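The next block holds one structure in the form of structure tokens; read it before the comments.
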């Protein structure tokens, strides 16, 4: 084998040196400058070269003169003496080469640094921050809610986002959708949440909570991989992580539970939750707005409070003890939740009440000498009507459909009918596999385009009690919402031409399209991803709320209902909410607010929903208004 030549060796060494980066190149130029300066100084000193009329400078002085000419070519303008000028000219030429090269290297290094910053690969050095992993349309709602939640933090707060997106594009999108982040800093980094090396960039081990957004074609698999990357990280912390996420397939809930031994992993079964909300809302308009009001940070939230003075008192007494807070239930000392328990339930030492309030420190007993009740306005017994069979219509279909059918079967009376119209292939076979045998309702499946006005006319939609319009989940979000909007406009036009009242409930995928849909004057909208996002934000701030939400959405036990206000108190006369709460209490129910139907289409007034009203303020209700209660049915 032929030995490499000196030129080849030098070329190889030079290539390796050049590949070391900006710092190495600057160091090389510095060494080269020193070599030139010292050679020139030696030539001047030992060659006894000097400017005319002057003695030869010392070595140090000669080195200084060479350095000045290296940095500034104009310095040699006053040089005299042939030998001295020649040496300084060579030094100056070398300096020009070195300085120009240095400028180029610095410029390229700066550009490279800016490009790296754009890539979002720099390490985040934060503590007690909220970490969001993934990028979906839900992120804007989650960030907006966290910004509101962080307003009470005097020292400010930080939200860090890691997603497989361009850093600058993420920052621009956040600024466009959330122009005012108040006292919250939002930091974006590019990388895969499933990659342990990329996760280290965003300091997951010092985060207060971690929100994982379900992304990709198989979102559940994505979530499981990300959870594994966090909990099985070799650099993981000893304290439990607080992780909040969502799961679509119930079968994957068991996998998530296996990962929750050491950590607090709280998955929301999104399809099941939305299906329950749709089923309940279809029978009582406004329920989704109530849930939204309970779960957003824009108004009042749910807080836990231990009241030692309430020990030994009943739950019923606690209901009337607060002026500006609304009690929902009791959390026992062992952590179990009792949502709207029997009124004679005793509050034991160590128990906590949980209530809707503006802030935790606002949960203070009113300590009134006398509760201002107006007995004359309370109806002692409500009108009890026997449930009758219902006719329901579902237009469209998505992954929540089967659960909606099952949930409706729990609520409707025996002999009810449910018609489903969609263009989904083999829907009848899918229902047989996923729903099974129904107890209270009979299914009728029709294939057709839900936008077809002739089809809607043939269906005689005015003969149905409830109409549910579901967004097609297999389509693009905007395309699916466009189909929903066209269908809603047809339905509203048909409804306005008929005197028979029927409710129209619609599911939207994009929150921004809700404003467009308001033109159709639909009774209720359910923005599925928006509702899930609100719940994710709430749980990321307070893990203890998971048990409350689980109990609230569980079909067994107490649930939220909107009932005619006239069943409880006299209408068309001013009445305070203390009296309303007492009227509901006598029926074993917890009143948490009311809905004024005259405001049902007013977005600025939460579509008429008022939760946690001030109890001393008087309101004049109309017969069509509703009382929001938590009860067994």
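Some values worked out for this structure:
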{"item": "Cα gyration tensor shape for the stretch 130-262, rounded if a/c is under 1.5, else prolate or oblate", "result": "prolate"}
{"item": "Cβ-based exposure ranking for 300, 166, 554, in which fewest neighbours within 10 Å come first", "result": "554, 166, 300"}
{"item": "Rounded FRET efficiency, nearest 0.05, which uses the C-beta distance separating residue 460 from residue 439 and R0 of 30 Å", "result": "0.70"}
{"item": "Net length gained if the chain between residue 380 and residue 346 were fully extended (0.36 nm per residue, minus Cα distance)", "result": "9.8 nm"}
{"item": "Two-site FRET efficiency, residue 486 against residue 152, from Cβ-Cβ distance with R₀ of 25 Å, rounded to 0.05", "result": "0.05"}
{"item": "Linear extension gain, residue 123 paired with residue 195, 0.36 nm per residue minus alpha-carbon span", "result": "24.4 nm"}
{"item": "In degrees, nearest ten, helix 270-283 long axis to first principal axis of the chain (Cα)", "result": "30 degrees"}
{"item": "Sum of -39500 (n - 2.57) over DSSP H runs of 4+, divided by residues of the chain (222 nm, nearest 500)", "result": "-12500 deg cm²/dmol"}
{"item": "Ranked 135, 397, 13, criterion: other C-beta atoms within 10 Å, fewest first", "result": "13, 135, 397"}
{"item": "Length added when fully stretched, residue 619-residue 367, from 0.36 nm per residue minus Cα-Cα", "result": "88.5 nm"}
{"item": "Förster radius 41 Å - calculated FRET efficiency between residue 547 and residue 108 (Cβ-Cβ, nearest 0.05)", "result": "0.10"}
{"item": "Ranked packing of 273-284, 213-224, 303-314, most packed first, by mean Cβ within 10 Å", "result": "273-284, 213-224, 303-314"}
{"item": "Inter-site label distance for residue 30 and residue 90 at 7 Å from Cα along Cβ, in nm", "result": "2.6 nm"}
{"item": "Helix axis angle, 167-177 relative to the chain longest principal axis, alpha carbon, degrees", "result": "40 degrees"}
{"item": "Degrees separating the helix 6-18 axis from the principal Cα axis of the chain, which is the longest one", "result": "40 degrees"}
{"item": "Which of 154, 414 has the fewest Cβ neighbours within 10 Å, and the rest in rising order", "result": "154, 414"}
{"item": "Label selected from (i) 34; (ii) 41; (iii) 44, the criterion being percent of Cα pairs over 41 Å apart as computed here", "result": "(iii)"}
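Since every read-out is calculated from the coordinates, none of them should be taken as a lab result. Keep in mind the model is a prediction, meaning the values are calculated, not measured. Note that we place each Cβ from the backbone using ideal geometry, even for glycine, and neighbour counts take in every protein chain shown.
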